[in-house]
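Engineer: There's a structure below that I have some questions on.
The values are calculated or read from the model by the stated rules, or taken from the named source; none is laboratory data. Because the structure is a prediction, the values reported are computed rather than measured. Ideal geometry is used to build each Cβ from the backbone, glycine not excepted, and the neighbour counts take in all protein chains shown.
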Amino acid sequence: MAILSARRRSAAISVAAVAGLAAAGVGFAVGGASAGTVSGSLYRDPSSAVVRWVAANPGDSRAAVIRDKIASQPQARWYANFNPSTIQSEVSSFIGAANAAQQIPVLSVYEITNRDCGGASAGGAPDLNQYQTWVSNFARGLGNQTVLIILETDSLALQTCLSTSELNARNQALTTATQTIKSGNPNAKVYLDGGHSTWNSANDTANRLRAAGVQYADGFFTNVSNFNPTSSEANFGRAVISALNGMGISGKRQVIDTSRNGGAAGDWCADDNTDRRIGQYPTTNTGDANIDAYLWVKPPGEADGCRYTAGSFQPDLAFSLANGAPNPPPTTAPPTTNPPTTAPPTTAPPTTAAPTTAPPTTPPPAGNGCSASVAINQWNGGFTASVNVTAGSASINGWTVTIALPSGAAITGTWNAQASGTSGTVRFTNVGYNGQVGAGQTTNFGFQGTGTGQGATATCAA
């Protein structure tokens, strides 16, 4: 994911130069400015690589630090596989879980043809026509709530491998992708690639953004997979915004990746660098009118392709980033392999309110085997379901839950389980990381559907 060797090269513009532009009056925000255009809590993916690792390695000496300072935090879900036939359902499932938590998901689209100019993260769609098909299917799964889309890291900052005709085609593809996503979900916030503060100049970046259709987007992102200080990125962003304003493109804002910018500078390739630290924890409360969010786009602990395979989770890298870093804000929920259930979709009443939450339909476990209970959160036209699977007096290794849905109900998305069927009687089986449940312990999965879910019943077999 975004592993560019080009990021190791000398900058086209220095941090000092960017700061100089800002000091000269180029787009500085007034102190105490309100946050950007996004508000609300960010969604923590309950099935991310770091969460799965923590769940599978509770006895590891590094687990507590990684759990508390990385796995507890919301991070971007990357979509980097060319899978046009399944991408809609994958996105719909992820979005459904975030909507059920009444939180804002961050999705990183990394599928552009000839991505990374054939570097460590080479791949993407075979051609731009197939790319547009993939994007169209992706957009159909986005729902209608607020989502943040990081559209094609390095697609604009790294162009050295593209001919003039290829560059023009890429710019058109990004413009069309932005419009397609906005058409699929008008509440989607789309950000284009702004590189970072020590790569291309602010004016050059603004020109590239304009050519790629930033006028149709919400703004741009910077510092993905890099380590520049937040203050440098914010100054750079203000200079880019000022340059865009001078082109007649106003109202654009920045998001900054702070996942790994809390430590020392040095060689970009962090697989061998133990001086790095996680930066500011993810939030939409930036206090800066130019900046919509500080995000963890590059998941901390995932490799850059130097010593380890690009995108693979490495606990030693995660521990190095987290060890010695400050604790997260006290409001951050502790890590869990389950999606949050205390905050419902924005169109539904809270799941903690007694009148809207159905009581468990099955009694607690007795003896061996397992039991399941389902709680329905119903709103007009749809519902989400949270299902607890509890082991009896002995631990279990694998489970199957059978849900009998009311007539007319249909499942549109599932998380933390694999579903067989979408209506009537549906069977759910565990995924790899939650099949083992200790005696008397509980794991959880969920699903979202249309129609009425009230009255659904659940049975469990181990």
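Engineer: Just one of I241, I181 is modelled with pLDDT of 95 or more, surrounded by 19 or more Cβ atoms within 10 Å (Cβ to Cβ) and over 19 Å from V106 (Cα atoms); which is it?
Structural biologist: Answer to the selection: I241.
Engineer: Checking the condition among the basic types (K, R) and more than 22 Å from the chain's Cα centre (by Cα), which residue from R210, R253 passes?
Structural biologist: From the options R210, R253, the qualifying one is R210.
Engineer: With the structure loaded, tell me whether A310 is at pLDDT below 85, surrounded by 16 or more Cβ atoms within 10 Å (Cβ to Cβ), assigned by TED's automatic domain parsing to the domain that holds T37 and farther than 30 Å from F447 by Cα or whether it fails that test.
Structural biologist: The answer is yes for A310.
Engineer: While we're looking at this one, here's another question. Go through the residues of segment 227-239 one by one and say whether even a single one is in contact (Cβ under 8 Å) with a residue 24 or more places away in the chain and farther than 17 Å from Y294 by Cβ.
Structural biologist: Yes, some residue in segment 227-239 is in contact (Cβ under 8 Å) with a residue 24 or more places away in the chain and farther than 17 Å from Y294 by Cβ.
Engineer: From the list L156, L107, L148, which one is touching a strand residue (DSSP E or B) at 6+ places or on another chain (Cβ under 9 Å), in a loop (DSSP other than H, G, I, E, B) and either at negative phi or not acidic (D, E) (or both)?
Structural biologist: It is L156.
Engineer: Take I256 and tell me if it is touching an Asp or Glu at 6+ places or on another chain (Cβ under 9 Å), among the aliphatic types (A, V, I, L, M) and either over 30 Å from P326 (Cα atoms) or crowded, with 23+ Cβ neighbours inside 10 Å (or both).
Structural biologist: For I256, the condition - touching an Asp or Glu at 6+ places or on another chain (Cβ under 9 Å), among the aliphatic types (A, V, I, L, M) and either over 30 Å from P326 (Cα atoms) or crowded, with 23+ Cβ neighbours inside 10 Å (or both) - is met.
This table checks each residue for (1) surrounded by fewer than 20 Cβ atoms within 10 Å (Cβ to Cβ); (2) within 30 Å of S386 (Cβ to Cβ); (3) not assigned by TED's automatic domain parsing to the domain that holds D292.
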residue: P105; (1), (2), (3): no, yes, no
residue: S108; (1), (2), (3): no, yes, no
residue: I112; (1), (2), (3): no, no, no
residue: D116; (1), (2), (3): no, no, no
residue: A122; (1), (2), (3): yes, no, no
residue: A125; (1), (2), (3): no, no, no
residue: Q130; (1), (2), (3): yes, no, no
residue: V135; (1), (2), (3): no, no, no
residue: R140; (1), (2), (3): yes, yes, no
